[in-house]
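The values are calculated or read from the model by the stated rules, or taken from the named source; none is laboratory data. The model shown is predicted, which means the values in this text are computed figures rather than measured ones. Every residue, glycine among them, receives a Cβ derived from its backbone with ideal geometry; neighbour counts consider all protein chains shown.
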There are 2 protein chains.
Amino acid sequence: MEKLIVKLGSKSYPISIASGLLNSKNIYSPLKSGEYTMIVTNKDIHHLYAKIIKSTLIQMGVKVDEIILPNGEQYKTLDVVNIIFTALLRKNHPRSTTLIALGGGVIGDLTGFAASCYKRGVRFIQIPTSLLSQIDSSIGGKTALNHPLGKNMIGTFYQPISVIIDLNSLKTLPSRQFFSGIAEIIKYGIILDYNFFCWIEKNINYILHCDEKIITYCIRHCCELKAKIIAKDEKETNGERILLNLGHTFGHAIETELGYGFWLHGEAVSAGIVMAAKTAELIGLLNFNDTERIVNLFKKAHLPTKGPAKMHAKDYLAHMIRDKKTEKNKFNLVLPSSIGKAGFYTDINKKIVLQAINQCLL
Amino acid sequence: MEKLIVKLGSKSYPISIASGLLNSKNIYSPLKSGEYTMIVTNKDIHHLYAKIIKSTLIQMGVKVDEIILPNGEQYKTLDVVNIIFTALLRKNHPRSTTLIALGGGVIGDLTGFAASCYKRGVRFIQIPTSLLSQIDSSIGGKTALNHPLGKNMIGTFYQPISVIIDLNSLKTLPSRQFFSGIAEIIKYGIILDYNFFCWIEKNINYILHCDEKIITYCIRHCCELKAKIIAKDEKETNGERILLNLGHTFGHAIETELGYGFWLHGEAVSAGIVMAAKTAELIGLLNFNDTERIVNLFKKAHLPTKGPAKMHAKDYLAHMIRDKKTEKNKFNLVLPSSIGKAGFYTDINKKIVLQAINQCLL
């Protein structure tokens, strides 16, 4: 088993990575006999993994309740969080309870948010089952809900007590969701690690076929990169963590405009990173060859490099102006300056942004 | 002007107390020209104070929006918080915005919660206008929403950047609300400060008539007591802050059972403290004379010392078992051991609790 630690003082927590972890009692430490837990999951995931987790916890003497939510980004709302609160209160869950997020990014974001607010904060464990949540969203304590006017506009910073990554779950992941996760893997290479980007280029076919050795290295390396950033900049205040948002300002515009769940998050981020690269190219920050390498790698990963057909360039702007990084109606964007290096650039000319988007329309 | 500091390291903030503060620009520091603010208030308070705050902020070059919410405890819900989020997003409020809670405890709890979750946390200022919020709920960073199954069951710990107490607002406060605030003043005497309890007994008539000198001392002293506790135990983890919940387990049962807003919070706390005192008396912790002094002081403050006519003793228990202090279906209560001293007692016999409530029914 691979074990990493996210170092955050008294809030530090382990990330455990291996195949077939879910029936191991040790993995659920520090849960103890007599304590309450609530597994939060959706119906697709429930029938695959809930049983084994439940039976292991019950053997430990832990009380287990479960709640099965509808599946999809469109359910990441205040109303659905309220369903979690109601379930917890109906079963009299105390302040010492632990929520267990079993699923992809949507389940993780919803459960983390519920944990941060139920009785002013209870513990939660992340068991991410999608590639995207394993290498990105389950780590770092960003919880989020969508609002009709913007993705992830409601949320908290609230760290889990443990992240448990069972690689077996990738075997049952639909391929479209698997490819979506690769978008965030490529993102790490672009913003932080030239050598890793080259490694992905070389191994993309093994990644696409989910070769066990290759995907294990890949997940561990992404988790390491993210854990380091979180340790230095937990709440996105000193300029490091913000780099992880590369492509997300454009991507969130796509997700919000089309309706949540229509494009997967990684698909929107893929097209969004290409738009960010084009913006960087237009202002003379990134050279054409690097943009091409980025575009080609996304294409090889079966990911979109153009925005959806229905959207015009101006459709993006209204959403982008509400982005969390926007101040005073100015376009502030994370942009790559080369492969392996990115920065946060403020007050970018609106015409340039429009031009970049226009170059990425079908 | 009286000024206290709530000492919480990088999260420290001032409490300013005086009459006629709201048109002073200095009081709104650190707000700066060009920044966004959103005043969150209700219609009763809006027409009294919003204009003066708005005009002062506009003179400072600060952008001001406002949102007027319905008035009452029954509106302290997720749905109403969502109204705040929508207003902020419609006006493109950035992460550097500041929410201004202008009103009583309900407005403060709602606004604090919204501030803790909007774009994962923005600044907020408390301008409490009721006695109860001035001496208690505006200080300490507990934010809260009600759920049909329990009062304050959803919330966060999130500190304001400033608390501004304008004593003039008490002049327009309805007397029932004013008396409700006195319940929490008396609570401080019972749990922490025998001399203050005696001082309240001696000065109760001046307090009831809102004598300026007396009420100013009273508010400052309560703020000092609370600020000290918060500095030592921000998140209710080491046994100090929990004492502030005296009477609240019983009181919340009353508020939830009757429907939020039917009894005021201070009224429910008054009857709840008497129930706690009776419980303490029944287990031999508190002597009969002290209980009588407590009961008499609440009576003089026009506060209830019996539960509402409609409720039977067993009606309390279902609510009390969901209390945030409850673990493993056991009754854990803050109880006074004498006037000026209280403790947190676990696993109190259910029959004793029922007997105590029965002694406090009409």
Among residues of the range A:240-262, those that are over 14 Å from residue A:275 (Cβ atoms) and either within 14 Å of chain B (Cβ to nearest Cβ) or touching a strand residue (DSSP E or B) at 6+ places or on another chain (Cβ under 6 Å) (or both), counted: 6
Would you check if there is a residue in the range B:219-233 being touching a strand residue (DSSP E or B) at 6+ places or on another chain (Cβ under 8 Å), within 14 Å of chain A (Cβ to nearest Cβ) and not in a helix (DSSP H, G or I)? no
Out of curiosity, is residue A:349 at pLDDT below 95 and surrounded by 18 or more Cβ atoms within 10 Å (Cβ to Cβ)? no
Taking into account only those residues within the range A:126-165 that are away from chain B (no Cβ under 14 Å) and assigned to a loop (DSSP other than H, G, I, E, B), which is surrounded by the fewest Cβ atoms within 10 Å (Cβ to Cβ)? A:161
Of residues in the range A:281-303 being touching a residue at least 40 places away in the same chain (Cβ under 8 Å) and under 24 Å from the mean Cα position of the chain (by Cα), the one farthest from residue A:146 (Cα to Cα): A:293
For the range B:338-351, what are the residues that are assigned to a strand (DSSP E or B) and within 23 Å of the chain's Cα centre (by Cα)? B:341, B:342, B:343, B:344, B:345
Just name the residue that is nearest to residue B:162 (Cα to Cα) out of those in the range B:194-215 that are buried (at least 17 other Cβ atoms within 10 Å of the Cβ) and not aliphatic (A, V, I, L, M). B:196
Which residues, counting only those in the range A:48-86, are among the β-branched types (Val, Ile, Thr), assigned to a helix (DSSP H, G or I) and either in contact with a Cys (Cβ under 9 Å, 6 or more places away or on another chain) or within 14 Å of another protein chain (Cβ to nearest Cβ) (or both)? A:80, A:81, A:83, A:84, A:86
Considering only residues that are away from chain B (no Cβ under 14 Å) and not small (Gly, Ala, Ser), look in the range A:100-124 and name the one that is farthest from residue A:173 (Cα to Cα). A:124
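Taking residue A:13, is it of a type in the set (Phe, Trp, Tyr) and touching a His at 6+ places or on another chain (Cβ under 9 Å)? So that I can check it myself, show each step before the final result.
On the way: of a type in the set (Phe, Trp, Tyr): yes; touching a His at 6+ places or on another chain (Cβ under 9 Å): no.
Judged against the criteria, residue A:13 is not a match.
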Inspect all residues belonging to the range A:19-35 and state whether any of them is among the basic types (Lys, Arg) and under 28 Å from residue A:214 (Cα atoms). yes
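Conditions tested, residue by residue: (1) of a type in the set (Lys, Arg); (2) closer than 19 Å to residue A:162 by Cα; (3) surrounded by 19 or more Cβ atoms within 10 Å (Cβ to Cβ).
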residue: A:18; (1), (2), (3): no, yes, no
residue: A:39; (1), (2), (3): no, yes, yes
residue: A:62; (1), (2), (3): no, yes, yes
residue: A:66; (1), (2), (3): no, yes, no
residue: A:70; (1), (2), (3): no, no, no
residue: A:74; (1), (2), (3): no, no, no
residue: A:81; (1), (2), (3): no, no, yes
residue: A:102; (1), (2), (3): no, yes, yes
residue: A:107; (1), (2), (3): no, yes, yes
Would a scan of the range A:208-218 turn up a residue that is over 20 Å from residue A:303 (Cα atoms) and touching a strand residue (DSSP E or B) at 6+ places or on another chain (Cβ under 8 Å)? yes
Restrict the check to the range A:11-23 and report whether at least one residue is within 14 Å of chain B (Cβ to nearest Cβ), assigned to a helix (DSSP H, G or I) and out of contact with any helix residue (DSSP H, G or I) (no Cβ under 8 Å at 6 or more places or on another chain). yes
Give the range A:306-319 a look and list any residue that's at pLDDT below 95 and under 24 Å from the mean Cα position of the chain (by Cα), or say none. A:317, A:318, A:319
For the range B:87-99 the number of residues that are more than 8 Å from every other protein chain (Cβ to nearest Cβ) and either touching a Pro at 6+ places or on another chain (Cβ under 7 Å) or assigned to a loop (DSSP other than H, G, I, E, B) (or both) is 3
Quick check, is residue A:231 among the small types (Gly, Ala, Ser) and crowded, with 22+ Cβ neighbours inside 10 Å? no
Could you go through the range B:315-324 and let me know if any residue there is in contact (Cβ under 8 Å) with a residue 12 or more places away in the chain, in a loop (DSSP other than H, G, I, E, B) and in contact with a Cys (Cβ under 6 Å, 6 or more places away or on another chain). no
If I filter the range A:296-305 for residues that are modelled with pLDDT of 95 or more, closer than 16 Å to residue A:339 by Cβ, part of a helix (DSSP H, G or I) and of a type in the set (A, V, I, L, M, F, W, C), do I get at least one hit? yes
